[in-house]
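These notes concern the structure reproduced below.
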Amino acid sequence: MTLLTAILALVALALVFGAILGFASIRFKVEGNPIVDQIDSLLPQTQCGQCSYPGCKPYAEAIADGEKINKCPPGGENTIQALADLLGVEPEPLDAEHGEESVTKVAVIREDECIGCTKCIQACPVDAILGAAKQMHTVIASECTGCDLCVEPCPVDCIDMVPVAPTVQTWSWEQPSTTADSIAAKNDNLIITDKGRGAAA
Amino acid sequence: MSQAIKLWDIHGGIHPEENKSQSNQLPISTLPLPKKLYLPLQQHIGSPSELTVKIGDKVLKGQRLAEANGFISASLHAPTSGTIVSIEERQIPHASGLTAETIEIETDGLEQWCEREVITDYLHTDPIALLAHIRNHGITGMGGAGFPTAVKLTPKDDDHIDTLIINGAECEPYITSDQLLMRERADQVIDGISVLGQILKPKRCIIGVEDNKLDAVKALRDSIDAHPKTLPFEVKVAAIPTKYPSGGEKQLIQILTGKEVPHGSIPADLGIVCQNVGTVAAISKAVLEGEPLISRITTVTGDAVSQKGNFETLIGTPIEDLLAHCGVDESKLFRLIMGGPMMGFTLHSTDLPVIKTTNCILAATEQEFPNPAQAQDCIRCGMCAEACPAELLPQQLYWFSRSKEFDKAKHFNLFDCIECGACSFVCPSHIPLVQHFRFAKGGIRQEEQAHIKSEHAKMRFEARQDRLAKEEAEKEARRKARADAAAKAKAEKEAKAKLAESQESPTTNTPTADASEGDDKKAAIAAAIARSKSKKPASNETTPSSVDIKPFKVASSQARAAHLQAQRALNAAKETGELSKEQIAEQEANVSSLKKAYEDAKAKLDQAKNGNTVAPAQEQAPSVDIKALKVASSQTRAAYLKAQRAFDTAKEAGELSAEQLTEQASEVSKLQTDYENAKAKLDAAKNGSPTQTAEAASSPTVDIKALKVASSQARAAYLKSQRAYDASKEDGSTSEDELSAQLKKVEALQSTYEKAKAALDDAKSGKTPASNPVAKEKASPSPSETFENKYKQVKVETSQARAAAKQAQKAVDEANEQGKDETQIKELETALAESVQTYEKLNSKKLVLQEKVKARKAVEASAVSQPKESKPAPETVAEQPPAEDDPTKKLKELKVAASQSKAAWRKLERELGKAQEAGEDTAELEQKVSAAKTTYEQANEAKTTAMAALNS
Ligand code: SF4
Ligand code: SF4
Ligand code: SF4
Ligand code: SF4
């Protein structure tokens, strides 16, 4: 009799929790593929297509399907590292086939040469170019991701990719070198230590 | 006065050699006035200040040069009177060695003060006004980073400050500026505390001074005793044990109150505000003397200078001057440091100014600061963790920073590191730990920035995608609506036409038999075919001059049917309200033109009926003949247009196979030729009897008008076919052969158009010899224009070919992705290769043409740039582009030409480079490059000449 009660109780519990789980799976259904979104948010969103996919999201989808994580040159090593952390795989060096990591750049239109053909506007994935037909065009530097896509379509070749120079606000320290010869070269980067070293208190 | 204050201890800390006695022996001395002062606009944390003066301005001592730009910013004042000689980018004393905008003042030695604003009765002044006063006088933190003081003193609403802590610890070795300040100007410090008391209303104030400065402690205590009235709260001086880094803000707070500032919060959250003694003194100067922050006490020390001591230095004084005054021995100077030996940074030049945060200039010899030893591996001794005042695990952080595992470093509270350098100091392996941490912090900040930026870019990208999708959907909807309306109209018309034809000409309705089957679109095609067939006889029949009523009848009834159907379609469209206003207007215009056509046709029919008996006479009367021809012409035109429209609709709907499309296209072009034939005949007839036809006789321009119409129609036809071709190209379903067939057709149409245009021009020049030079100028296309047309065409083709190639690529990719079988992929790949080849061919053609165009343009340009006397010469006039009379426009064109040719040249050069890299044969390319270069040079020359001409 007790056995029967136990079984009945367990069955009842199983039904109740099953129902709750079932309800939750419908009620709190996750839209989209969360891992793709997570990967996508780690990619630099330049939409440059250097990874050979038509944008960051498609590459994120490909990564979720097992594509290599080292194909994004604008993201560079930091992105690879972050992806490796997220996906729990070993980071690999950047695949040189897709380009090299370079300093951040921003597009600049040589404005007196622009003929106002609007081709660059059509190419820019983030609407960072301002202009109208037959008018001089200009790049909104703060919106430009440096993807390079507007350079090719310009018929008069008046768009330059200019490296973004660090300012006092954006500058940060370099990584201290750990090899012997470079220490002498970069010694200003090292702590100024007192002649007589004391002991820890 | 016994001031027993309970003190707490901090974790870790170190005892480096103090080295303070070298510089704290002598009293503060003043520096002779430097000749030049250099004031960077950024001497503080936050945004650079905004200039309020310009070059050449005379400024007075204390006059504002730049004002705070934003909340976290500070203003800047002239340290003495003088003239502003330059404002330019100069290297600033900053660890980065970067440049920033700097004001250069040539001092005049007069020390003329501007009007000063003094608040003597500060104890009865609104704290807000005091804060504004502090802000206006450019006060920033003098101890460390230079954070704008007014910002730090503006508490959040819910903060109540109960403890004011004044930092006089000065724990870094070598530096004695605060010690001298407290020793000699204790009253200033106490006055400043009293001002702060008015602003913050604290319950107590503690001044923390290390016990190696007992002279300063005594001076402060004496001063407090002398100021009982202005200090309505308890002020105590605490002598704290000497230990580095007790002067860190959080460390000092912990020593004096026992409270730890939690991770991620600021002292104000605990009801504490901490200020440096130097800052407090500066506040008192600003309020009581009206003197903005224009000078500070700077320690000059180190074995490379003979006269070590503390100096009242104007902000902007070149460090060179300061060192020279102290007797620097350049040969011994090995390392120049701003700040202390623990947290300062090396300067690479003496050509830098003293700024608001320069508390110490350390000119060290090699014995004092030898190059650091080579770092060894971490031996996990744990000394760094023992020394760390922030209770971090430096060796852990070191690993993460070194391998750039920033997430983990952050997790181990990297941002709690105060960069004191205690860990590096004790590390037996000489690992530059704090440098690694600075790097990691910078890296994390950069990553955060990058992440914000990428989120922003993503948002913008998605917004753009949405916008494009919406536009596309709208276009699609419009297209569909149009297609539906057209299909409906066609179907109805078909039925009507069938009826009409069966009555009027039973022999011609055979092809319509299959029109009743299949869907609407098929019916539409069939209808088009049927109509074209049914109309051809009409146009053929009109060519003989015998006037037959039958064709008129047919024409009339067809026109009527067309009109009625169009009307019906329009009504239907209006009712459903699916169409936009413009579309309706368009349709209405269509309907009314159809109506007119019908009325015309009817009139003709009536005329023909009436005049049947005098037909022979009409035959001889050219005017009638012309009319008949006109009718025929307009009919064929209508037919052609309809067919064209049907074709367009079908194409847009995109449901037809490629063959069907080509079939239709050929129909359309046939109809067009018919129409053109008719037109030509009409024109010929008109021309042949110019005196007999009333209109032609009355004015020769009528003929030109007709030609114009013909020409513009031909042009429209050409453009349409071009568009059709483009569309079919883009939709990518048509094969290469079909495309090339279409292209041929397009070209044929173009030549027709060009012929028509030429005829028109001929007619114009023949009829109006030089009577209307403007018209003539407009009409005569410059030679480069024709070239350009060709070039444009080829360019269009090229880009199409490129698009095709891209599509092919995509197809291959897709096939690959979907894992289609090998043969299929192979096929696609060959197609891709073909299209790429086509593209390349076209591209080279394009480049050649581009060269030509440019060459022509350059020639023309040089012709244009000739002096204006050449204008009367008719040949030159003909050569000149239409914009000739507007020199700026002309110049613009020339500029475009020049930059285009430059681009072409550069592109070619790049290609050449690539070819060379790939080891291909480059002789041809080289030739091209040099040709392009000459073209560019010509164009450029023309441009410069034109520019010069314009300027003169
Ligand atoms: S402006 Fe050019 S480089 Fe910048 S985001 Fe747009 S397309 Fe890319
Ligand atoms: S593509 Fe070049 S010429 Fe055309 S609008 Fe952009 S910058 Fe101007
Ligand atoms: S003090 Fe240096 S060697 Fe010792 S644990 Fe720390 S980093 Fe390693
Ligand atoms: S530099 Fe940072 S980690 Fe090193 S002792 Fe100071 S607070 Fe600790």
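A few comments on the model shown:
- Filter pass, B:Q367 being in a loop (DSSP other than H, G, I, E, B), away from ligand 4 (no atom under 16 Å from the Cβ) and facing another protein chain (nearest Cβ under 8 Å): yes
- A:A12, sole failed condition from (1) exposed (fewer than 14 other Cβ atoms within 10 Å of the Cβ); (2) in contact with a Ser or Thr (Cβ under 6 Å, 6 or more places away or on another chain): (2)
- Any pair with Cβ under 6 angstrom, 6 or more apart, that starts in the range B:378-406 at a residue that is more than 8 Å from chain A (Cβ to nearest Cβ) and without any contact (Cβ under 8 Å) to a residue 12 or more places away in the chain and ends at one that is assigned to a loop (DSSP other than H, G, I, E, B) and within 16 Å of ligand 1 (Cβ to nearest atom): none
- The residue list B:T298, B:T242, B:T257 contains one member that is under 30 Å from B:A66 (Cα atoms) and modelled with pLDDT of 90 or more, which is B:T298.
- Selection count, the range B:392-419, where residues are part of a loop (DSSP other than H, G, I, E, B) and away from ligand 3 (no atom under 14 Å from the Cβ): 6
- Tabulated pairs, the range B:96-115, first free of Cβ contacts under 8 Å to residues at least 12 places away in the same chain, second buried (at least 16 other Cβ atoms within 10 Å of the Cβ) and polar (S, T, N, Q), C-beta under 9 angstrom, 6+ apart or interchain: B:S96/A:S172; B:L98/B:Q91; B:T99/B:Q91
Conditions tested, residue by residue: (1) open to solvent by 50 Å² or more (accessible area, probe 1.4 Å); (2) touching a strand residue (DSSP E or B) at 6+ places or on another chain (Cβ under 8 Å); (3) within 10 Å of ligand 4 (Cβ to nearest atom).
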site	(1), (2), (3)
B:R380	yes, no, no
B:M383	yes, yes, no
B:C388	no, no, yes
B:E405	no, no, no
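- Any chance B:K441 is more than 16 Å from ligand 1 (Cβ to nearest atom), at the interface with chain A (Cβ under 8 Å from one of its Cβ atoms), touching a residue at least 24 places away in the same chain (Cβ under 8 Å) and farther than 29 Å from B:K332 by Cβ: yes
Matching residues to (1) in the same structural domain as A:E152 (by TED's automatic domain parsing); (2) closer than 24 Å to B:E462 by Cα; (3) among the charged types (D, E, K, R):
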site	(1), (2), (3)
A:T46	no, yes, no
A:C51	no, yes, no
A:A62	no, yes, no
A:K68	no, no, yes
A:G75	no, yes, no
A:R110	yes, no, yes
A:E113	yes, no, yes
A:A128	yes, yes, no
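- B:G62 out of contact with any Phe, Trp or Tyr (no Cβ under 6 Å at 6 or more places or on another chain) and not basic (K, R): no
- Odd one out for B:P353 among (1) in contact with a Phe, Trp or Tyr (Cβ under 6 Å, 6 or more places away or on another chain); (2) within 13 Å of another protein chain (Cβ to nearest Cβ): (2)
- Residues in the range B:407-419 that are near ligand 4 (Cβ under 8 Å from one of its atoms) and either in contact with a strand residue (DSSP E or B) (Cβ under 7 Å, 6 or more places away or on another chain) or without any contact (Cβ under 8 Å) to a residue 60 or more places away in the chain (or both): B:C417 only.
- Within the range B:440-458, at least one residue is assigned to a helix (DSSP H, G or I) and within 16 Å of ligand 3 (Cβ to nearest atom).
- Matching residues in the range B:420-435 - criterion: being hydrophobic (A, V, I, L, M, F, W, C) and free of Cβ contacts under 8 Å to residues at least 60 places away in the same chain: B:C423, B:C427, B:I431, B:L433, B:V434
- Here B:H124 clears all of (1) open to solvent by 30 Å² or more (accessible area, probe 1.4 Å); (2) more than 49 Å from the chain's Cα centre (by Cα); (3) under 30 Å from B:T242 (Cα atoms) except the condition numbered (3).
- Residues in the range B:166-192 that are open to solvent by less than 10 Å² (accessible area, probe 1.4 Å) and in contact with a Pro (Cβ under 8 Å, 6 or more places away or on another chain) were compared, and the one that is nearest to B:R296 (Cα to Cα) is B:L180.
- Contacts under 9 angstrom Cβ, first residue in the range A:104-125 being within 10 Å of another protein chain (Cβ to nearest Cβ), partner among the aromatic types (F, W, Y) and within 10 Å of ligand 1 (Cβ to nearest atom), 6 or more apart: A:P125/B:F461
- Qualifying residue in the range B:135-149 (condition: part of a strand (DSSP E or B) and either in contact (Cβ under 8 Å) with a residue 40 or more places away in the chain or not assigned by TED's automatic domain parsing to the domain that holds B:C420 (or both)): yes
- Take the conditions (1) away from chain A (no Cβ under 14 Å); (2) open to solvent by 10 Å² or more (accessible area, probe 1.4 Å); B:E89 misses just one of them, which is (1).
- Restricting attention to the range A:115-142, the residues that are part of a loop (DSSP other than H, G, I, E, B), hydroxyl-bearing (S, T, Y) and either in contact with a Gly (Cβ under 9 Å, 6 or more places away or on another chain) or crowded, with 17+ Cβ neighbours inside 10 Å (or both) total 1.
- The range B:6-27, subset more than 10 Å from chain A (Cβ to nearest Cβ) and of a type in the set (A, V, I, L, M, F, W, C), residue nearest to B:A387 (Cα to Cα): B:W8
The values are calculated or read from the model by the stated rules, or taken from the named source; none is laboratory data. For clarity, every value in this text was computed on a predicted model and none was experimentally measured. Glycine also receives a Cβ, built like all others from the backbone with ideal geometry; neighbour counts cover every protein chain displayed. We work out accessible area using only protein heavy atoms, side chains counted, and drop any ligands, DNA or RNA first. Shrake-Rupley method; radii C 1.70, N 1.55, O 1.52, S 1.80 Å.
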